[in-house]
Amino acid sequence: MASIWVGHRGTVRDYPGFSPSVDAEAIRKAIRGIGTDENMLISILAERSNAQRQLIVKEYQAAYGKELKDDLKGDLSGELKNLMVALVTPPAVFDAKQLKKSMKGTGTNEDALIEILTTRTSRQMKEIGHAYCTVYKKSLGDAISSETSGDFRKALLTLADGRRDESQKVDEQLAKKDAQILYNAGEKRWGTDEDTFTEILCLRSFLQLKLTFDEYRNISQKDIEDSIKGELSGHFEDLLLAIVHCARNMPAFLAVRLHQALKGAGTDEFTLNRIMVSRSEIDLLDIRAEFKKHYGYSLYSAIKGSAG
(Lines give C-alpha, C1' and ligand atoms only; values in the text may rest on other atoms or scores of the structure.)
Protein backbone atom coordinates (compact mmCIF):
# COMPACT_ATOMS: atom_id res chain seq x y z
CA MET A 1 0.00 0.00 0.00
CA ALA A 2 2.88 2.38 0.75
CA SER A 3 3.65 2.75 -2.93
CA ILE A 4 0.79 5.19 -3.58
CA TRP A 5 2.62 7.75 -1.45
CA VAL A 6 5.72 7.52 -3.63
CA GLY A 7 6.20 9.31 -6.94
CA HIS A 8 9.13 9.56 -9.30
CA ARG A 9 10.02 13.15 -8.54
CA GLY A 10 10.81 13.01 -4.86
CA THR A 11 13.96 14.24 -3.14
CA VAL A 12 13.97 11.30 -0.70
CA ARG A 13 14.48 7.74 -1.89
CA ASP A 14 15.18 4.40 -0.25
CA TYR A 15 18.54 4.61 1.52
CA PRO A 16 21.01 2.06 0.10
CA GLY A 17 22.44 -0.50 2.53
CA PHE A 18 19.62 0.24 4.95
CA SER A 19 19.58 -1.61 8.29
CA PRO A 20 16.69 -0.85 10.65
CA SER A 21 18.54 -2.30 13.65
CA VAL A 22 21.67 -0.21 13.04
CA ASP A 23 19.54 2.94 12.63
CA ALA A 24 17.40 2.18 15.68
CA GLU A 25 20.53 1.75 17.80
CA ALA A 26 22.11 4.96 16.49
CA ILE A 27 18.88 6.89 17.20
CA ARG A 28 18.71 5.44 20.70
CA LYS A 29 22.30 6.57 21.35
CA ALA A 30 21.56 10.03 19.94
CA ILE A 31 18.61 10.37 22.31
CA ARG A 32 20.17 8.77 25.40
CA GLY A 33 23.46 10.69 25.41
CA ILE A 34 24.18 13.81 27.45
CA GLY A 35 22.36 16.35 25.32
CA THR A 36 20.64 15.05 22.22
CA ASP A 37 22.71 14.48 19.09
CA GLU A 38 20.28 16.33 16.84
CA ASN A 39 22.52 16.11 13.78
CA MET A 40 22.57 12.33 14.05
CA LEU A 41 18.76 12.20 14.26
CA ILE A 42 18.42 14.47 11.22
CA SER A 43 21.00 12.56 9.19
CA ILE A 44 19.14 9.28 9.76
CA LEU A 45 15.47 10.26 9.67
CA ALA A 46 15.70 12.81 6.84
CA GLU A 47 17.63 10.42 4.59
CA ARG A 48 15.39 7.34 4.84
CA SER A 49 12.18 6.80 2.91
CA ASN A 50 8.96 6.64 4.93
CA ALA A 51 8.71 2.88 4.38
CA GLN A 52 12.22 2.54 5.87
CA ARG A 53 11.36 4.85 8.77
CA GLN A 54 8.37 2.63 9.62
CA LEU A 55 10.76 -0.34 9.86
CA ILE A 56 13.01 1.68 12.20
CA VAL A 57 9.93 2.47 14.35
CA LYS A 58 9.12 -1.28 14.61
CA GLU A 59 12.72 -2.18 15.36
CA TYR A 60 13.00 0.55 18.01
CA GLN A 61 9.84 -0.65 19.75
CA ALA A 62 11.02 -4.27 19.67
CA ALA A 63 14.52 -3.47 20.96
CA TYR A 64 13.71 -0.87 23.62
CA GLY A 65 10.03 -1.42 24.43
CA LYS A 66 9.24 2.22 23.70
CA GLU A 67 7.56 4.18 20.93
CA LEU A 68 10.14 6.13 18.96
CA LYS A 69 7.76 9.06 18.53
CA ASP A 70 7.28 9.31 22.31
CA ASP A 71 11.04 9.35 22.90
CA LEU A 72 11.48 12.02 20.22
CA LYS A 73 8.70 14.10 21.78
CA GLY A 74 10.27 13.77 25.22
CA ASP A 75 13.74 14.69 24.05
CA LEU A 76 13.26 17.40 21.44
CA SER A 77 11.36 20.65 21.43
CA GLY A 78 9.86 23.21 19.10
CA GLU A 79 9.78 22.78 15.36
CA LEU A 80 12.53 20.15 15.25
CA LYS A 81 10.38 17.94 17.48
CA ASN A 82 7.35 18.44 15.20
CA LEU A 83 9.40 17.65 12.10
CA MET A 84 11.07 14.52 13.51
CA VAL A 85 7.73 13.18 14.79
CA ALA A 86 6.18 13.89 11.36
CA LEU A 87 8.95 11.89 9.69
CA VAL A 88 8.27 8.75 11.74
CA THR A 89 4.48 8.96 11.29
CA PRO A 90 2.86 6.86 8.51
CA PRO A 91 1.72 9.25 5.72
CA ALA A 92 -2.03 8.61 6.06
CA VAL A 93 -1.88 9.11 9.82
CA PHE A 94 0.23 12.25 9.35
CA ASP A 95 -2.39 13.75 7.02
CA ALA A 96 -5.23 12.73 9.33
CA LYS A 97 -3.48 14.57 12.18
CA GLN A 98 -2.90 17.62 10.00
CA LEU A 99 -6.60 17.68 9.13
CA LYS A 100 -7.52 17.37 12.81
CA LYS A 101 -5.20 20.28 13.66
CA SER A 102 -6.76 22.35 10.87
CA MET A 103 -10.18 21.93 12.47
CA LYS A 104 -9.15 22.23 16.12
CA GLY A 105 -10.04 25.04 18.47
CA THR A 106 -11.63 28.30 17.51
CA GLY A 107 -11.51 29.03 13.83
CA THR A 108 -10.77 26.49 11.15
CA ASN A 109 -7.60 26.68 9.06
CA GLU A 110 -9.40 26.55 5.72
CA ASP A 111 -6.23 26.92 3.65
CA ALA A 112 -4.74 23.77 5.15
CA LEU A 113 -7.99 21.84 4.65
CA ILE A 114 -8.14 22.96 1.02
CA GLU A 115 -4.49 22.14 0.36
CA ILE A 116 -4.65 18.61 1.77
CA LEU A 117 -7.98 17.64 0.21
CA THR A 118 -7.15 19.00 -3.25
CA THR A 119 -3.65 17.50 -3.57
CA ARG A 120 -4.21 13.91 -2.42
CA THR A 121 -5.24 11.12 -4.79
CA SER A 122 -8.51 9.25 -4.30
CA ARG A 123 -6.68 6.25 -2.88
CA GLN A 124 -4.74 8.48 -0.49
CA MET A 125 -8.02 10.09 0.64
CA LYS A 126 -9.52 6.68 1.39
CA GLU A 127 -6.46 5.78 3.48
CA ILE A 128 -6.56 9.15 5.25
CA GLY A 129 -10.27 8.67 6.02
CA HIS A 130 -9.53 5.24 7.46
CA ALA A 131 -6.61 6.59 9.53
CA TYR A 132 -8.74 9.50 10.82
CA CYS A 133 -11.44 7.11 11.99
CA THR A 134 -8.88 4.82 13.68
CA VAL A 135 -7.06 7.63 15.50
CA TYR A 136 -10.03 9.85 16.46
CA LYS A 137 -12.95 7.37 16.54
CA LYS A 138 -14.92 9.79 14.39
CA SER A 139 -15.35 9.91 10.64
CA LEU A 140 -13.51 12.59 8.69
CA GLY A 141 -16.83 13.48 7.04
CA ASP A 142 -18.46 14.15 10.42
CA ALA A 143 -15.51 16.31 11.49
CA ILE A 144 -15.67 18.36 8.28
CA SER A 145 -19.45 18.70 8.58
CA SER A 146 -19.26 20.08 12.09
CA GLU A 147 -16.54 22.64 11.24
CA THR A 148 -17.67 23.97 7.84
CA SER A 149 -20.89 24.92 6.10
CA GLY A 150 -22.70 25.52 2.82
CA ASP A 151 -21.19 24.83 -0.59
CA PHE A 152 -17.69 24.77 0.90
CA ARG A 153 -18.73 21.88 3.14
CA LYS A 154 -20.37 20.01 0.26
CA ALA A 155 -17.26 20.28 -1.90
CA LEU A 156 -14.91 19.24 0.93
CA LEU A 157 -17.07 16.21 1.68
CA THR A 158 -17.03 15.21 -2.00
CA LEU A 159 -13.22 15.40 -2.01
CA ALA A 160 -12.93 13.57 1.33
CA ASP A 161 -14.94 10.70 -0.18
CA GLY A 162 -12.03 9.96 -2.51
CA ARG A 163 -14.17 9.52 -5.62
CA ARG A 164 -12.13 11.59 -8.07
CA ASP A 165 -11.55 9.70 -11.31
CA GLU A 166 -7.87 8.69 -11.46
CA SER A 167 -7.72 7.29 -15.00
CA GLN A 168 -5.12 8.59 -17.45
CA LYS A 169 -7.58 8.62 -20.35
CA VAL A 170 -9.18 11.85 -21.49
CA ASP A 171 -12.50 12.13 -23.26
CA GLU A 172 -12.77 15.08 -25.60
CA GLN A 173 -16.55 14.86 -25.95
CA LEU A 174 -17.00 14.82 -22.20
CA ALA A 175 -14.70 17.85 -21.87
CA LYS A 176 -16.85 19.77 -24.38
CA LYS A 177 -20.03 18.70 -22.60
CA ASP A 178 -18.70 19.58 -19.11
CA ALA A 179 -17.40 22.94 -20.33
CA GLN A 180 -20.85 23.78 -21.69
CA ILE A 181 -22.50 22.63 -18.45
CA LEU A 182 -20.14 24.83 -16.41
CA TYR A 183 -20.81 27.76 -18.72
CA ASN A 184 -24.57 27.26 -18.40
CA ALA A 185 -24.25 26.91 -14.60
CA GLY A 186 -22.32 30.15 -14.19
CA GLU A 187 -21.70 32.78 -16.83
CA LYS A 188 -24.88 32.14 -18.78
CA ARG A 189 -27.41 32.33 -15.98
CA TRP A 190 -28.56 34.72 -13.31
CA GLY A 191 -27.14 33.26 -10.10
CA THR A 192 -24.81 30.27 -10.08
CA ASP A 193 -25.54 26.55 -9.86
CA GLU A 194 -22.84 25.72 -7.29
CA ASP A 195 -23.57 21.98 -7.19
CA THR A 196 -22.61 21.63 -10.85
CA PHE A 197 -19.23 23.25 -10.22
CA THR A 198 -18.66 20.95 -7.23
CA GLU A 199 -19.61 17.81 -9.12
CA ILE A 200 -17.39 18.42 -12.13
CA LEU A 201 -14.38 19.94 -10.38
CA CYS A 202 -14.33 17.44 -7.49
CA LEU A 203 -14.95 14.22 -9.44
CA ARG A 204 -13.24 14.46 -12.85
CA SER A 205 -9.57 13.53 -13.20
CA PHE A 206 -7.08 16.40 -13.33
CA LEU A 207 -6.12 15.48 -16.90
CA GLN A 208 -9.78 15.58 -17.91
CA LEU A 209 -10.28 18.93 -16.16
CA LYS A 210 -7.32 20.45 -17.99
CA LEU A 211 -9.00 19.69 -21.31
CA THR A 212 -12.37 20.90 -19.96
CA PHE A 213 -10.81 24.25 -19.02
CA ASP A 214 -9.41 24.64 -22.56
CA GLU A 215 -12.86 23.94 -23.97
CA TYR A 216 -14.40 26.35 -21.48
CA ARG A 217 -12.18 29.10 -22.79
CA ASN A 218 -13.34 28.36 -26.36
CA ILE A 219 -16.99 28.61 -25.35
CA SER A 220 -16.90 31.59 -22.99
CA GLN A 221 -13.79 33.50 -24.16
CA LYS A 222 -12.85 33.56 -20.49
CA ASP A 223 -10.54 31.58 -18.25
CA ILE A 224 -12.33 29.30 -15.81
CA GLU A 225 -10.48 31.11 -12.95
CA ASP A 226 -12.02 34.43 -13.99
CA SER A 227 -15.49 32.90 -14.08
CA ILE A 228 -15.04 31.30 -10.65
CA LYS A 229 -13.83 34.62 -9.23
CA GLY A 230 -16.78 36.44 -10.78
CA GLU A 231 -19.45 33.91 -9.83
CA LEU A 232 -18.42 32.56 -6.45
CA SER A 233 -17.00 33.82 -3.18
CA GLY A 234 -15.41 32.91 0.14
CA HIS A 235 -13.80 29.59 0.94
CA PHE A 236 -15.81 27.81 -1.75
CA GLU A 237 -14.20 30.07 -4.34
CA ASP A 238 -10.76 29.41 -2.80
CA LEU A 239 -11.32 25.67 -2.95
CA LEU A 240 -12.39 25.62 -6.60
CA LEU A 241 -9.48 27.86 -7.60
CA ALA A 242 -7.13 25.47 -5.79
CA ILE A 243 -8.55 22.56 -7.81
CA VAL A 244 -8.03 24.49 -11.06
CA HIS A 245 -4.43 25.25 -10.11
CA CYS A 246 -3.77 21.64 -9.09
CA ALA A 247 -5.23 20.34 -12.34
CA ARG A 248 -3.02 22.70 -14.32
CA ASN A 249 0.18 22.33 -12.31
CA MET A 250 0.16 20.85 -8.82
CA PRO A 251 3.86 21.45 -8.05
CA ALA A 252 3.36 25.15 -8.93
CA PHE A 253 0.33 25.32 -6.60
CA LEU A 254 2.40 23.85 -3.75
CA ALA A 255 5.36 26.14 -4.53
CA VAL A 256 3.05 29.14 -4.02
CA ARG A 257 1.87 27.65 -0.71
CA LEU A 258 5.48 27.25 0.42
CA HIS A 259 6.31 30.82 -0.59
CA GLN A 260 3.36 32.11 1.45
CA ALA A 261 4.52 30.02 4.43
CA LEU A 262 8.06 31.41 4.24
CA LYS A 263 7.45 35.10 3.59
CA GLY A 264 6.69 37.75 6.13
CA ALA A 265 7.75 38.05 9.75
CA GLY A 266 7.20 34.54 11.10
CA THR A 267 7.40 31.27 9.19
CA ASP A 268 4.22 29.19 8.95
CA GLU A 269 5.92 25.98 10.17
CA PHE A 270 2.64 24.02 10.09
CA THR A 271 2.40 24.45 6.30
CA LEU A 272 6.14 24.25 5.65
CA ASN A 273 6.58 20.94 7.52
CA ARG A 274 3.45 19.41 5.99
CA ILE A 275 4.41 20.09 2.38
CA MET A 276 8.08 19.16 2.80
CA VAL A 277 7.28 15.89 4.58
CA SER A 278 4.24 14.84 2.55
CA ARG A 279 5.75 15.61 -0.88
CA SER A 280 9.36 14.53 -0.22
CA GLU A 281 8.84 11.19 -1.98
CA ILE A 282 6.30 12.35 -4.57
CA ASP A 283 7.14 15.58 -6.41
CA LEU A 284 9.37 17.80 -4.26
CA LEU A 285 11.91 18.06 -7.10
CA ASP A 286 9.22 19.61 -9.30
CA ILE A 287 7.98 21.87 -6.50
CA ARG A 288 11.56 23.05 -6.03
CA ALA A 289 11.91 23.80 -9.74
CA GLU A 290 8.58 25.70 -9.82
CA PHE A 291 9.62 27.72 -6.75
CA LYS A 292 12.85 28.80 -8.45
CA LYS A 293 11.00 29.60 -11.68
CA HIS A 294 8.35 31.73 -9.94
CA TYR A 295 10.45 33.56 -7.38
CA GLY A 296 13.95 33.66 -8.83
CA TYR A 297 15.66 32.08 -5.82
CA SER A 298 15.84 28.54 -4.51
CA LEU A 299 13.52 26.92 -1.99
CA TYR A 300 16.67 25.86 -0.13
CA SER A 301 17.80 29.46 0.35
CA ALA A 302 14.27 30.53 1.32
CA ILE A 303 14.12 27.89 4.07
CA LYS A 304 17.65 28.70 5.18
CA GLY A 305 16.79 32.39 5.38
CA SER A 306 13.60 31.79 7.33
CA ALA A 307 15.31 29.49 9.80
CA GLY A 308 17.63 32.32 10.74
Accessible surface of PHE94 - all protein chains present, 1.4 Å probe, nearest 10 Å²: 20 Å²
HIS8, HIS235, HIS259, ranked by accessible area, largest first (probe 1.4 Å): HIS8, HIS235, HIS259
Under 5 Å, built H, 5+ apart or other chain: amide partners of SER205: ASP165
Solvent exposure, largest accessible area first (probe 1.4 Å, DNA, RNA and ligands not counted), of PHE270, PHE291: PHE270, PHE291
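Per DSSP H run of n ≥ 4, the term is -39500 (n - 2.57); total these for the chain, divide by its residue number, and report the mean residue ellipticity at 222 nm rounded to 500 deg cm²/dmol.
After summing the helix terms and dividing by residue count, I get -22000 deg cm²/dmol.
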The range 23-129: trypsin sites (Lys or Arg not before Pro) falling in loop per DSSP and having at most 14 other Cβ within 10 Å: LYS66, LYS104
Largest-first ellipsoid semi-axes for the range 59-175, taking √(5λ) over the Cα gyration tensor eigenvalues, angstrom: 31, 18, 13
Pairs of Cα atoms farther than 13 Å apart, the range 69-109, %: 58 percent
Residue-level accessible surface for SER49, protein heavy atoms, 1.4 Å, Å²: 0 Å²
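So what's the projected area for the range 1-124, the Cα convex hull averaged over all directions, in nm²?
Working: hull surface 35.6 nm².
Seen from a random direction, the Cα hull of the range 1-124 projects 8.9 nm² on average.
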Volume per residue of the C-alpha convex hull in the range 199-260, rounded to whole Å³: 90 Å³
Computed E for LYS177/LYS29 - FRET, C-beta separation, R0 45 angstrom, nearest 0.05: 0.10
Phi to ³J(HN,Hα) by Karplus 6.51 cos²θ - 1.76 cosθ + 1.60 over the range 104-113, Hz, x for Gly, Pro: 8, x, 7, x, 9, 8, 4, 4, 5, 4
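Work out how much length ASP195 to TYR300 would gain on full extension: take 0.36 nm times their residue separation and subtract the Cα-Cα distance, in nm to one decimal.
So the chain would gain 33.7 nm between ASP195 and TYR300.
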With eigenvalues of the C-alpha gyration tensor scaled by 5 and rooted, the range 201-308, Å: 29, 15, 13
Accessible area per residue in Å² at 1.4 Å probe, computed on the range 75-132: 38 Å²
Karplus-derived 3J(HN,Hα), 6.51/-1.76/1.60, for each residue of the range 59-66, Hz, glycine and proline x: 4, 4, 4, 5, 6, 10, x, 9
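Rg to Rh ratio, the range 160-264, alpha-carbon atoms and Kirkwood radius?
On the Cα set of the range 160-264, Rg over Rh gives 0.98.
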Accessible area of the range 162-294 divided out per residue, in Å², using a probe of 1.4 angstrom: 47 Å²
Vicinal HN-Hα couplings computed from phi for the range 283-289 (Karplus, 6.51 cos²θ - 1.76 cosθ + 1.60; Hz; Gly/Pro x): 8, 5, 4, 5, 4, 4, 5
Surface share of carbon and sulfur [accessible, 1.4 angstrom probe, percent] for the range 1-158: 53 percent
Cα Rg, Dmax (largest Cα-Cα span) when computed across the range 104-173, Å: 13.4, 46
Nearest-ten-degree value, helix 269-279 long axis tilted from longest Cα axis of the chain: 90 degrees
The chain - Rg (one decimal) and Dmax (whole number), Cα, Å: 21.1, 70
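The values are calculated or read from the model by the stated rules, or taken from the named source; none is laboratory data. In this text, all values refer to a predicted model and were calculated from it rather than measured experimentally. Note: ideal-geometry Cβ built from the backbone for every residue, glycine included; neighbour counts use all protein chains shown. Please note that ligands, DNA and RNA were not included when accessible areas were found on the heavy atoms of the full protein model with its side chains. Shrake-Rupley method; radii C 1.70, N 1.55, O 1.52, S 1.80 Å.
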